[in-house]
1. What number goes with the only condition from (1) within 21 Å of Val186 (Cβ to Cβ); (2) part of a helix (DSSP H, G or I); (3) not hydrophobic (A, V, I, L, M, F, W, C) that Gln248 does not pass?
2. Is it the case that some residue within region 254-267 is at pLDDT below 95, over 20 Å from Ala324 (Cβ atoms) and more than 37 Å from the chain's Cα centre (by Cα)?
3. In region 187-220, what residues are more than 20 Å from the chain's Cα centre (by Cα) and of a type in the set (D, E, K, R)?
4. Please count how many residues of region 285-313 are open to solvent by 70 Å² or more (accessible area, probe 1.4 Å) and among the aliphatic types (A, V, I, L, M).
5. Kindly list the number of the only condition in (1) more than 30 Å from Arg183 (Cβ to Cβ); (2) open to solvent by less than 70 Å² (accessible area, probe 1.4 Å); (3) at pLDDT below 85 that fails for Asn344.
6. Mind listing whichever residues of region 333-359 are touching a Gly at 6+ places or on another chain (Cβ under 9 Å) and part of a loop (DSSP other than H, G, I, E, B)?
7. Has region 148-168 got any residue that is within 26 Å of Asn338 (Cβ to Cβ), open to solvent by less than 60 Å² (accessible area, probe 1.4 Å), touching a Ser or Thr at 6+ places or on another chain (Cβ under 9 Å) and among the aromatic types (Phe, Trp, Tyr)?
8. Suppose we keep only residues that are part of a loop (DSSP other than H, G, I, E, B) and hydrophobic (A, V, I, L, M, F, W, C) within region 178-235. Which one would you say is surrounded by the fewest Cβ atoms within 10 Å (Cβ to Cβ)?
Amino acid sequence: MADIDNDLLTDAATNLLTEEHRSLFRDLLQNALQTLIEEELTASIGAALHERTDDRTGQRNGHRPPRTLSTPAGDVELAIPKVRAGNFYPSLLEPRRRVDQALWAVIMTAYVKGTSTRKVDDLVKALGVDSGVSKSTVSRICKEIDGHVEAFRARTLAHTDFPYVFCDATYVKGRVGRHVVSRAIVVAFGVAADGTREVLGLDVGDSEDEAFWGAFLRSLKTRGLGGVQLVISDAHEGLKAAIRRHLQGAAWQRCRVHFNRNVLARVGKAHGEMVTAMIRTIYAQPDQAAVTAQLRAVADMLTDRFPAAAQMLLDAEPDLTAFAAFPRTHWRRVWSTNPLERVNKEIKRRSNVVGIFPDDNSIIRLIGAVLLEQHDEWQVAERSYFSEESMKTIAADTTIEVTATTTAA
């Protein structure tokens, strides 16, 4: 779904009709709705106004005070008929609801797009609801999203294997009790056996410790996650430990981008470009043996001037080169978490508008809706992440098993 400039949409909606046209259309709509209500009552009691029939089942008894209904054409006043015996309420109205379905859709879409409450209120006014909507109304409306998000988070993953799984985390501000603290949002997406991408899950917690990551990975396995051969992530200790414990048999690829940042912290800014260029040659090799040989060669070249960086390379060898055991055409997309970083940027862009979330439920509601939208876009994309033919070439051969064992050790 393309992003919408809310200010432009507001201006367009405001200037679309003159006040004279808006008033005329509002009157026509009001008369039509009132006629429908009266006709429904006629069908319900078996007689029209002032009509005498033997088949009638009730009698009219005036009208209740007018009820205001908000529509895209503006607020309309509708009189609800009363009957002498029993109750009657028109089916086209829903009791105690202030905004009709069209406006609900607008508000929920704007909320998911990261629009602030004030802008949502301006947008609704531009669509004809002069009274606008309150913060509590927006929150109540957006709880409609909860059911979709919960079903998405709980869906089965057993329909296919996921050879590649990407894991990462980002942080937002949220309230816990009376305090505003950082809340960790962990996200995982996988590349399925047919080469398409799917959002596997998300959760919110205090920090990225092993217990939190472990519970998250366990929940994915409980839902049917299987066939994992390579997990791509940064080197957070809690995540590494959780992967070793809960995804045994899968190799682990340390994100090259995060590793480069760690190395640059050891060599200083003045030499950073040169060292980065040397490390980059590791990933330009044609096969697994050449990748490993080049890593050791670069470590030898760095030993004299940057012994700490050289040791980091040697220590991380099995983790940095895990990608090389997989098809050559996949390397560029599985040696870092960059694909997931782009998803995290979209999460931050939407969540920054909110600022401070009132609780974890609101975090899951918004971020879950964003990820559900991203998941749906991936499902209808014209091109898969990898071709199905190339995914068939992945096999749990001896090389992968050795790498996985080394990582687990």
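The values are calculated or read from the model by the stated rules, or taken from the named source; none is laboratory data. Everything quoted here is computed from the prediction, not taken from an experiment. We place every Cβ from the backbone using ideal geometry, glycine too, and count neighbours over all the protein chains shown. To get the accessible areas, we keep the full protein, side chains included, count just its heavy atoms, and leave off ligands, DNA and RNA. Shrake-Rupley method; radii C 1.70, N 1.55, O 1.52, S 1.80 Å.
1. Among (1) within 21 Å of Val186 (Cβ to Cβ); (2) part of a helix (DSSP H, G or I); (3) not hydrophobic (A, V, I, L, M, F, W, C), Gln248 violates only (2).
2. Scanning region 254-267 turns up at least one residue that is at pLDDT below 95, over 20 Å from Ala324 (Cβ atoms) and more than 37 Å from the chain's Cα centre (by Cα).
3. Asp194, Asp209, Glu210, Arg218
4. 2
5. (1)
6. Residues satisfying the conditions are Pro358, Asp359.
7. Among the residues of region 148-168, at least one is within 26 Å of Asn338 (Cβ to Cβ), open to solvent by less than 60 Å² (accessible area, probe 1.4 Å), touching a Ser or Thr at 6+ places or on another chain (Cβ under 9 Å) and among the aromatic types (Phe, Trp, Tyr), which makes the answer yes.
8. Within region 178-235, the match that is surrounded by the fewest Cβ atoms within 10 Å (Cβ to Cβ) is Ala235.
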